[in-house]
1. Could you name the aspartates and glutamates whose alpha carbon sits less than 16 Å from that of LYS511, not counting residues in the same chain fewer than 8 places away?
2. Output needed: percent of Cα pairs per 10 Å distance bin for region 25-141, bins running from 0 to the one holding the longest distance.
3. Give me the extension gain from ASN379 to SER115: residue separation times 0.36 nm, minus the current Cα-Cα distance, reported in nm with one decimal.
4. Taking amide H positions as placed in the peptide plane 1.01 Å from N, state which residues far from LYS311 in sequence (5 or more) or on other chains have amide H under 5 Å from it.
5. By how many degrees, 0 to 90 and rounded to 10, does the Cα axis of helix 58-70 deviate from the longest principal axis of the chain?
6. Residues with beta-carbon under 11 Å from that of PRO90, excluding PRO90: net charge, scoring Lys, Arg +1 and Asp, Glu -1?
7. Near ASN182, within a Cβ-to-Cβ distance under 14 Å, what is the net charge of the other residues, with Lys and Arg +1 and Asp and Glu -1?
8. Run down the aspartates and glutamates and flag those whose C-alpha is under 15 Å from the C-alpha of LYS342, throwing out any fewer than 8 positions away in its chain.
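Throughout, read-outs are computed from the coordinates displayed, never taken from laboratory work. Just so you know, these numbers come straight off a predicted model, no measurement behind them. Cβ sites come from the backbone with ideal geometry, for glycine too, and all protein chains shown count toward neighbours.
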Amino acid sequence: MKKYALPLLGNEAVAHAAIDSGIGGAFSYPGTPATEIFEYLDKYADRAGFCAQWSGNEKAAYEEALGMSYIGKRAIVSMKSVGINVAADPYICSALTGVNGGLVVVVADDPGMHSSQNEQDVRYYADFARTACFEPSSQQECYDMTKEAFRLSEKYKLPVVIRLVTRISHSRALVDIRPPENVLFQITLRQNQKTWVLLPSNARASFKKLYEKRNALIRYSENCPWNFIAKNKFTGDSRKGVICCSTGYNYLREVEAALQLEIEYLRLGFYPFAARLIREFLQKKDEVLVLEDGYPYVEERLLGVAGTGPKIHGRLDGTIETTGEINPEKTVFALAKMFGLKFIADNTANFKIPTRLPSFCPGCPHADTFKALKEALSNRKSSKVFSDIGCYTLAALKPYEAIDSCVEMGASIGMAKGASQGGLVYSVAVIGDSTFAHSGLTLMLSAAEANTPMTVIILDNNAVAMTGGQPSMINGDKLLSLLKGFGIPHGHIKTIHPLSRYHSDNVRKIKEELDYKGLSVIISRRNCIQIQQKK
Ligand SMILES: Cc1ncc(C[n+]2csc(CCOP(=O)(O)OP(=O)(O)O)c2C)c(N)n1
């Protein structure tokens with residue numbers, strides 16, 4: 001095969017590697033910054049002969065991938081940071097069942113919360129589940145590590161995580177494409193695989209085995225090409241060094257070059273911890289700076305509780321801000337502090353990145369819904385509006401200021417129910433159609449079962465708008481029939497059309513349902529303006 005390179009986003013490089021690894025299927029639920037992984041796979045699925053399907057939520061996506069792995073085919077499941085919270089149950093349990101076909105779990109974290117409700121760090125999950133985790137620093141590594149992750153997953157019979165962060169997911173570089181694997185992954189149905197039945201007697205044995213696998217993974221970690229000490233042509237202060245991972249590695253090299261510093265560093269790109277290699281690096285150091293994006297995962301482990309060894313600098317001692325993304329500017333300051341450089345402050349102007357605030361698109365149906373809801377609630381001072389995550393969360397901002405909470409996907413209905421059961425009068429939940437399918441359904445079932453006095457407003461814009469307009473699973477008449485099936489009295493399932501010309505009619509309908517002393521649902525139905533324009 002002729003050698004060639006492609007200009008790929010980090011997300012696309014992961015996806016391309018999955019195709020070249022001969023996957024049988026790709027599963028995902030949209031979420032920034034991970035969405036493009038599946039979108040790329042979806043584009044090539046038919047041609048490459050694998051299945052690609054958006055799933056109802058991340059847990060569903062994980063289980064579908066696990067099923068494909070069970071029959072011996074390779075599968076990839078991708079999601080954003082908080083997605084792994086939803087998929088945690090099958091992910092952690094599948095470390096015990098083991099896998100058959102290689103199973104790669106790509107989680108794109110979002111340090112700095114560009115488009116997420118928190119800054120969580122999947123490396124803790126990988127550790128918690130006792131599995132392995134790759135952490136690429138470049139688009140080439142996204143490609144190479146994904147290929148290696150499939151191999152490793154099959155070798156150790158474990159799901160393997162690839163941890164991305166926004167800047168790696170969403171930046172583009174030339175990626176050398178290696179020859180695709182010539183393996184044809186056939187269905188292989190193995191007999192008598194007790195590990196797949198997690199009865200305590202089976203699970204105990206698997207848990208023991210998991211620790212044996214962990215020891216093997218630590219040995220791999222100590223010898224793999226992704227973890228290494230850079231020592232070549234070093235002439236600087238050898239008692240001070242840096243441990244860097246993910247973007248930290250890039251920023252170190254960028255700043256090192258810009259400021260003509262030479263710094264000895266250890267780069268980490270695979271976990272569990274390469275203990276021997278890390279000890280070797282620490283032995284000769286008095287001070288070490290940790291440059292990592294996300295939580296102080298490496299830093300905390302280096303510090304331990306004994307407090308011996310070199311001084312560790314990073315987020316925990318205030319050398320780097322505790323929260324938020326790291327960036328070249330923070331790297332400059334941290335290095336200046338450790339190396340006692342004075343000129344740094346003048347160099348930082350080049351590294352500043354301006355911020356922009358989001359807002360509803362002109363013509364967005366959500367804007368009309370919130371105008372009507374605000375008016376309907378204006379004389380009902382004790383009301384609270386529990387919202388969810390989607391474009392509609394922007395109603396928290398001026399001029400609407402129409403929602404009181406947004407916690408995680410599906411929380412709106414549960415919180416409105418709990419508040420109503422605690423005595424709140426005018427308890428309102430607002431949830432998008434995709435979020436409703438993702439994790440609102442079960443809560444709606446229990447609200448219907450208890451006939452809790454509350455009003456649920458489902459914003460049916462026929463799309464997962466926030467993440468770029470992917471198809472939502474339930475909307476239109478299907479949504480209406482489903483709600484009727486929950487046993488909610490038909491008279492209390494109403495539809496409104498969010499347009500200013502229907503405003504007073506919409507306000508009246510919402511008021512009627514607010515005053516009803518049981519569960520009522522209002523479907524606010526109009527296509528997302530972006531989707532409409534595309535059509
Ligand atoms: C567990 C989890 N998965 C994915 C996301 C990313 N995400 C945020 S809102 C949303 C769905 C939005 O769709 P919908 O509820 O229909 O509202 P819309 O944006 O269309 O108004 C998604 C996928 C997330 N925040 N949390």
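1. Once the sequence-local aspartates and glutamates are set aside, what remains near LYS511 is ASP368, GLU375.
2. Going out from 0 Å in 10 Å bins, region 25-141 shows 14, 47, 34, 5 percent.
3. Details: separation 264, 0.36 × 264 = 95.04 nm, distance 3.39 nm.
Between ASN379 and SER115, full extension yields an extra 91.6 nm.
4. Distant-sequence amide H within range of LYS311: GLU287, VAL288.
5. 60
6. Details: positive: LYS59; negative: GLU58, GLU63, GLU64, ASP89.
Result for the local shell: -3.
7. Values: positive: ARG74, LYS147, ARG151, ARG178; negative: ASP20, GLU181.
Net charge around ASN182: +2.
8. GLU329
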